[in-house]
Amino acid sequence: MKLFTSLILAGAAVFSIFMVVATLMMMPGQMAKDRVYSEQFHQVAKVADGYFLKTGQLPDDATFGRLIGRGEGDSLSLSASVGEACEHFTKGKNDRFVLSLWRGQWSECFSYPSGRTTLMPSWWEQILGFGSQLAFLALVAAGALYGLVRIWRRGPRSVTNAA
């Protein structure tokens with residue numbers, strides 16, 4: 001039983017440590033992608049806002065596509081309010097519109113002119129975004145390692161009858 005429990009605890013510790021390291025190693029690449037998307041959002045927002053200031057309204061989808069040179073299959077969209085793709089995103093009080101971009105598994109959102117976004121282009125934002133998962137995994141690893149130490153430090157149990 002001691003060996004079986006040790007294997008389970010060791011597996012939990014190794015898996016948790018692996019996930020923490022993998023997440024930390026993934027962050028620089030994710031930040032680079034987020035910076036590119038952020039720059040794209042800012043450029044597109046300026047174009048959309050220019051149209052809004054000239055006409056007093058946001059462009060329809062076809063006009064928006066022409067203005068930004070949206071290609072076939074590009075999922076960048078513009079809306080006056082938070083749409084279904086960004087339902088958990090909060091638009092700023094004075095924001096005129098929300099841009100959303102489908103990234104394959106989730107949408108990124110950006111409101112203008114406040115610049116509020118779901119992107120995380122810095123280490124601090126990445127840590128805030130993934131902090132709870134990293135803390136949980138670190139606790140699992142620490143707990144599993146603590147359990148391993150406790151199991152193996154205890155001496156063999158005596159199985160004698162004290163009759």
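Some notes on this structure:
- Test: residue 137 is more than 30 Å from residue 51 (Cα to Cα), at pLDDT 90 or above, surrounded by fewer than 18 Cβ atoms within 10 Å (Cβ to Cβ) and touching a helix residue (DSSP H, G or I) at 6+ places or on another chain (Cβ under 8 Å): no
- Within the range 119-134, considering residues that are polar (S, T, N, Q) and surrounded by fewer than 18 Cβ atoms within 10 Å (Cβ to Cβ), the one modelled with the lowest pLDDT: 122
- Checking each residue in the range 80-120 for being among the polar types (S, T, N, Q), under 19 Å from residue 58 (Cα atoms) and in contact with a helix residue (DSSP H, G or I) (Cβ under 8 Å, 6 or more places away or on another chain) picks out only 100.
Yes or no, residue by residue, for (1) exposed (fewer than 14 other Cβ atoms within 10 Å of the Cβ); (2) over 30 Å from residue 146 (Cα atoms); (3) out of contact with any Leu (no Cβ under 9 Å at 6 or more places or on another chain):
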| site | (1), (2), (3) |
| --- | --- |
| 4 | yes, no, yes |
| 26 | yes, no, yes |
| 30 | no, yes, yes |
| 42 | no, yes, yes |
| 47 | no, yes, no |
| 50 | yes, yes, no |
| 61 | yes, yes, no |
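- Condition broken by residue 143, with the remaining ones in (1) under 18 Å from the mean Cα position of the chain (by Cα); (2) at pLDDT 85 or above; (3) not hydrophobic (A, V, I, L, M, F, W, C) satisfied: (1)
- Residues located in the range 47-71, provided they are closer than 12 Å to residue 97 by Cβ and of a type in the set (Ser, Thr, Tyr): 51
The values are calculated or read from the model by the stated rules, or taken from the named source; none is laboratory data. Just so you know, these numbers come straight off a predicted model, no measurement behind them. Note: ideal-geometry Cβ built from the backbone for every residue, glycine included; neighbour counts use all protein chains shown.
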